[in-house]
Amino acid sequence: MDTLTMTGMLGEGFLVSLQIFLLTLVGSLPLGMLVAFARMSSFRPLALLARLYISLMRGTPLMLQMFAIYFVPYYVFGIGLTTDSKWQATIVAFIVNYAAYFAEIYRSGIQSIPRGQHEAAEVLGYSRTQTFCRIVLPQVVKRIMPSMTNEVITLVKDTSLAFSIGVIEMFTVAKQLVASQVSMLPFAIAAAFYWVFNLLIDFVAGRIERKLGYYHD
Amino acid sequence: MTSGTESVVSLEHARKSFGDTPVLRDISLSVAPGEVVAVIGPSGGGKSTLLRCLTLLERLDDGSLSYGGLNVASGGSYGEKNVLAQARQRFGLVFQNYNLFPHFSVLRNVMDAPVVVQGRPRDEAEAEARALLAKMGLAGSEDKVPCQLSGGQQQRASIARALALHPKIVYFDEPTSALDPELTAEVLRVIKGLAAERMTMVIVTHEMGFAREVADRVVFMDGGVIVEEGPAEQVMEHPREERTRAFLRQREA
């Protein structure tokens, strides 16, 4: 098999990796905000629940979480497992796992905004929602950009964990090719895919950071 | 002292503690329209807490607070959310460290609340914001962001921001404490200009000369009580209380 054919097959696998990546972001970016609010809630049971959630998600391997989410419906509810449920379990596991990390990044950003900003907004008559959306959130975005970029880059590479549950994404394809072609080249090509895509993320993140660099505080 | 009905703000028998530490002990203060009140006194005497209670950033443990005919708190219990919101429309607050919104342009800092909070037409709010900034000597800085301004300019922008909502009274919390002497002068000049226009103001300040010059009435606070108050000249030139005298002597030294 020539290099071009292998690259084509890996490219198809990468489209699946990309789907995991995008679906995870779409789900975990907003869910993380909810978790962050729960974690900062003055209603203690809710805050404790959010802490427990974050602790579990960060404290156990994502791979185990995928298996747990995959097998729980079968063992607990007796629901049959299908190829679809593998995919669904993978996406759900990625979303709930990354939401925990994003929640902590959001929290660090939100809590770093000086009290005076909230007080100025309160005295001017902004509602709590207005204060958050107009005053706090835009400043939070700027502050958390480096950490978010870090996490998003990690996510790109973590999509390869879906291999362990049998979702056929790029890393799964690479491993199959390595075995059938008795060559390490597919791994090298897969690495190049991850790296180039992360360069792209780095570039976009850099653009956003420069755009937000019009002020400092 | 003015009676409760005609005053812009009226605080009666206010008490406030942080934990076991009483910070305000039976404070009563009312301010008449057009009056400029300077609040002086040593740090930790309760001046800032007084302003924070007047601006609803802190809640009184006991006592009553009203703005014009609007009862905000009585016996330490506060009115409904919409009452507090109405009260907030009647005062402005200028902070010691400005607290401008760093991600907004200077213009937007001034016009955002009138549009978003008061629902005024954008064009009108913008025109007024520009006029206010010009009056504060900030014409040409509308499109800058706060970090491009000096401290004195930022403080003047924050005064414009407070005035843009047409408050009946403006509070100043040590407005020049974070500034160099020369920047202090430009901010004090602006406040004096407002006093000349009969803007009702309460100014917590460490600038004794300024208090003497701009205030109609001086309130000396220490240990959570108003030790002495009266016409500026009387309190600052001929204080009756020993604590006031000691404070002023120490200030001059």
In region B:167-205, what GluC sites (Glu not before Pro) fall in a loop by DSSP, with at most 15 other Cβ atoms inside 10 Å? B:197
Å³ per residue enclosed by the Cα convex hull of region A:162-217: 97 Å³
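Let me know the shape class of chain B, please: from the alpha-carbon gyration tensor, a ≥ b ≥ c as square roots of the eigenvalues, rounded when a/c is under 1.5, otherwise prolate if a/b is greater than b/c, or oblate.
Working: a/c = 1.87, a/b = 1.28, b/c = 1.47.
Verdict is oblate for chain B.
Which number comes out as Rg/Rh for chain A once both Rg and the Kirkwood Rh are worked out on C-alpha atoms? Before the final figure, lay out each step's value.
Numbers: Rg = 20.6 Å, Rh = 19.5 Å.
Ratio value, two decimals: 1.06.
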Against the longest alpha carbon principal axis of chain B, how many degrees, from 0 to 90 and to the nearest 10, is the axis of helix B:122-135 turned? 60 degrees
Roughly what % of DSSP beta bridges within chain B run antiparallel, to the nearest 5? 60 percent
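Of B:81/B:168; B:135/B:168; B:81/B:135; B:16/B:135; B:81/B:144; B:47/B:144, which ones are farther than 26 Å apart at the Cα? Before the final figure, lay out the partial values.
Numbers: B:81/B:168 20 Å; B:135/B:168 19 Å; B:81/B:135 34 Å; B:16/B:135 38 Å; B:81/B:144 35 Å; B:47/B:144 33 Å.
B:81/B:135; B:16/B:135; B:81/B:144; B:47/B:144, as the Cα separations exceed 26 Å there.
Over 41 Å, how big is the tail of the calculated P(r) for the protein assembly as shown, in percent of all Cα pairs?
Working: 42677 of 110215 pairs.
Beyond 41 Å sits 39 percent of the P(r) for the protein assembly as shown.
Based on the Kirkwood radius over alpha-carbon pairs, what is the Stokes-Einstein translational diffusion coefficient of region B:41-165 at 10 °C with 1.306 mPa s viscosity, in µm²/s? If you can, show how the numbers build up before the last one.
Values: Rh = 15.9 Å.
Answer, rounded: 100 µm²/s.
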With labels modelled as points extended 7 Å from the Cα through the Cβ direction, what inter-label distance (nm, one decimal) is found for residue A:76 paired with residue A:212? 3.6 nm
Residue by residue, what Karplus-based ³J(HN,Hα) values in Hz, rounded to whole numbers, does region B:108-121 have, using 6.51, -1.76 and 1.60 with θ = phi - 60° and x for Gly and Pro? 5, 3, 7, 9, 5, 5, x, 6, 7, 8, 9, x, 6, x
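Report, to one decimal in Å, the Kirkwood hydrodynamic radius for region B:1-87 based on all distinct Cα pairs. Don't skip to the answer; put the middle values down first.
Working: mean 1/r = 0.0757 Å⁻¹.
Hydrodynamic radius (Kirkwood, Cα only) of region B:1-87 equals 13.2 Å.
With a cut-off of at most 10 other beta carbons within 10 Å, and DSSP calling the residue loop, which chymotrypsin sites (Phe, Trp or Tyr not before Pro) in region A:16-53 qualify? Please list them. Write out the running numbers ahead of the final one.
Numbers: sites: A:21, A:37, A:43, A:53; in loops: A:43.
The qualifying sites are A:43.
With runs of 4+ DSSP H residues as the only contributors, calculate the mean residue ellipticity of chain B at 222 nm using -39,500 (n - 2.57) per run, divided by the residue total and rounded to the nearest 500. Intermediate results must be reported in sequence, preceding the final value.
Numbers: 9 runs with 94 residues, N = 253.
Mean residue ellipticity at 222 nm (helix-derived): -11000 deg cm²/dmol.
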Theoretical ellipticity at 222 nm over chain A - DSSP helices of four or more residues, -39500 (n - 2.57) apiece, nearest 500: -27000 deg cm²/dmol
Residues of A:120-132, mean number of Cβ from any other protein chain within 10 Å of their own Cβ, rounded to a whole number? 6
Of region A:34-62, those with amide N under 20 Å from the point 7 Å along the Cα→Cβ vector of residue A:115 are A:40-43
Residues of region B:10-38 with backbone N under 20 Å of the label point set 7 Å from the Cα of residue B:71 along Cα→Cβ are B:10-15, B:27-31
For residue B:64, net neighbour charge (Lys/Arg +1, Asp/Glu -1) across residues whose Cβ lies under 14 Å away: -1
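Determine, for A:26, B:9, B:116, B:110, the number of other Cβ atoms within 10 Å of each Cβ, and report the residues in order from fewest to most. Write down the numbers at each step before the final one.
Details: A:26 12, B:9 25, B:116 16, B:110 31.
Ranking A:26, B:9, B:116, B:110 by Cβ neighbours within 10 Å, fewest first, gives A:26, B:116, B:9, B:110.
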For region B:94-106, 3J(HN,Hα) per residue [Karplus equation, 6.51 cos²θ - 1.76 cosθ + 1.60, θ = phi - 60°, Hz, x = Gly/Pro]: 10, 8, 4, 10, 6, 6, 5, 7, x, 8, 9, 5, 4
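Under DSSP H, which helices of chain A have Cα atoms covering 27 Å or more of the helix axis and a Kyte-Doolittle average no less than -0.5? Working shown, then result.
Working: long enough: A:3-39 (50 Å, 1.44); A:83-111 (42 Å, 0.24); A:137-158 (29 Å, 0.25); A:185-211 (39 Å, 0.96).
Those that pass (Cα extent of 27 Å or more, hydropathy at least -0.5) are A:3-39, A:83-111, A:137-158, A:185-211.
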Residue A:47-residue B:78 pseudo-label distance in nm [points 7 Å out on the Cα-to-Cβ vector]: 1.9 nm
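State which stretch of chain B is the longest one without any exposed trypsin sites (Lys or Arg not before Pro), exposure meaning a DSSP loop state and at most 11 other Cβ atoms within 10 Å.
Details: sites that count: B:198, B:240.
Of all site-free stretches, the longest is B:1-197.
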Along the principal axes of its C-alpha atoms, what lengths does region A:6-118 span, in descending order and rounded to whole Å? 57, 39, 19
If you average the C-alpha positions of region A:1-60 and of region A:61-121 separately, how far apart do those two centres end up, in angstrom? 6 Å
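Work out the mean other chain Cβ neighbour count within 10 Å for the residues of A:208-217 and drop it here as an integer. List each step's numbers first, then the result.
On the way: counts 0, 0, 0, 0, 1, 0, 5, 10, 6, 7.
So the per-residue partner count for this stretch is 3.
Please order B:30, A:147, A:17 by the number of other Cβ within 10 Å, starting at the fewest. Don't skip to the end; give the middle numbers.
Values: B:30 19, A:147 16, A:17 27.
In order of increasing Cβ crowding within 10 Å: A:147, B:30, A:17.
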Using a Gaussian network model of chain A whose springs link C-alpha atoms within less than 10 Å, name the residue from A:189, A:95, A:20 with the highest mean-square fluctuation. A:189
Please work out the ratio of the alpha-carbon Rg of region B:152-207 to 2.2 N^0.38 Å and round it to two decimals. 1.05
Which of B:53, B:33, B:43 sits closest to the plus end of the dipole of region B:1-83, meaning its Cα is farthest towards the positive end, when Lys and Arg get +1 and Asp and Glu get -1 on the C-beta? B:43
Interchain or long-range residues, amide H under 5 Å from residue B:225's placed H: B:25
Taking each residue in B:93-105, count the Cβ atoms of any other chain within 10 Å of its Cβ, then average. What number comes out? 5
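Can you work out the FRET efficiency for the pair residue A:154 and residue B:18, with r the C-beta to C-beta distance and R0 = 41 Å, to the nearest 0.05?
Working: r = 44 Å, r/R0 = 1.06.
Efficiency, rounded to the nearest 0.05: 0.40.
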Find out how many positive minus negative residues lie around residue B:244, taking Lys and Arg as positive, Asp and Glu as negative, among other residues whose Cβ is under 9 Å from that of residue B:244. -1
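Only the coordinates and a few stated rules stand behind these numbers; no lab work does. Everything numeric in this text was worked out from a predicted model, so none of it was measured. For neighbour counting, all protein chains shown are included, and Cβ atoms are generated from backbone atoms with ideal geometry for every residue, glycine included.
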